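A short worksheet on the structure shown next.
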Amino acid sequence: MMNKTEIEKYLYKHIPITKALGVKATAFSKEEVKFWAPLSKNINHRSTAFGGSISSLLITTGWSYLRLLFDEIEPVPKIVIGRSTTNYLKPITGDFTSELIIPEKEEIDRFMEMFDRFGKARITLKAQIKEKGNLLAEFEADYVVFKS
């Protein structure tokens, strides 16, 4: 199973923007997915985190979780985002960490069953950015996974 170092290398190679954003995996398992990014590489004209960087980090968080779920399937299925919404609740004034809200086991089981049966499945994932208990950004997206 892919670990933090391996997902970073994979992202840098296959999704180069993650390297430019300075993305680092701080937790990467089926139970917890967190990615960190430095403000210095994602800063806007107001000295806060750029919205596009925030959205990119959140999208990467969900995408990476699905990449992990399908890590042992060859060839690795295609994972694409179909729709996403990011609510920017407060300015982010420092380095920031995205965290996936892990879906319930039953939802993952249904998703995997649909993929096994049809070679294609859709799932809605949620993630957030918090600082000291304050919710700064919330994210929801539909991802589609299909056989290569």
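The values are calculated or read from the model by the stated rules, or taken from the named source; none is laboratory data. Small disclaimer: the values here were computed from a predicted structure and weren't measured. Please note: Cβ atoms are built from the backbone with ideal geometry, for glycine as well, and neighbour counts cover all protein chains shown. Accessible surface areas use protein heavy atoms only, side chains included; no ligands, DNA or RNA. Shrake-Rupley method; radii C 1.70, N 1.55, O 1.52, S 1.80 Å.
With coordinates expressed along the principal axes, the C-alpha atoms belonging to the chain extend over 49, 28, 24 Å, beginning with the largest. Here the Karplus curve 6.51 cos²θ - 1.76 cosθ + 1.60, taken at θ = phi - 60°, turns the phi angles of the range 135-148 into couplings of 6, 9, 8, 10, 9, 9, 8, 9, 10, 10, 10, 9, 4, 6 Hz, with x standing for Gly and Pro. The simple Förster model, with R0 at 30 Å and r as the Cβ-Cβ distance, assigns LYS30 and THR93 a FRET efficiency of 0.40.
The accessible surface of the chain, taken with every protein chain in place and a 1.4 Å probe, is 51 percent carbon and sulfur.
For the range 26-105, GluC sites (Glu not before Pro) are listed when DSSP marks them as loop and at most 13 other Cβ atoms sit within 10 Å of their Cβ; the list is GLU31, GLU32, GLU72, GLU104. The modelled label-to-label distance for the pair ASP116/LEU135, using points 7 Å beyond Cα in the direction of Cβ, is 3.4 nm. Between the residues SER56, PHE139, MET1, the greatest Cα displacement towards the positive end of the dipole of the chain, with unit charges on the Cβ of Lys, Arg, Asp and Glu, is found for SER56. Across the range 2-148, the mean sequence separation of Cα contacts (distance under 8 Å, 6 or more residues apart), normalised by length, yields a relative contact order of 24 percent.
Estimated at the nearest 10 Å², the accessible area of HIS14 is 100 Å² with a 1.4 Å probe. Please build a GNM for the chain, connecting alpha carbons under 10 Å apart, and tell me which residue among ASN134, ASN42, ASN87 fluctuates the most. Residue with maximal mean-square fluctuation among ASN134, ASN42, ASN87: ASN134. Toward the positive end of the charge dipole of the chain, with +1 on the Cβ of Lys and Arg and -1 on the Cβ of Asp and Glu, the farthest Cα among ILE43, SER148, THR18 is that of ILE43.
For GLY94, the shell of other residues with beta-carbons less than 13 Å away shows a net charge of +2, using +1 for Lys and Arg and -1 for Asp and Glu.
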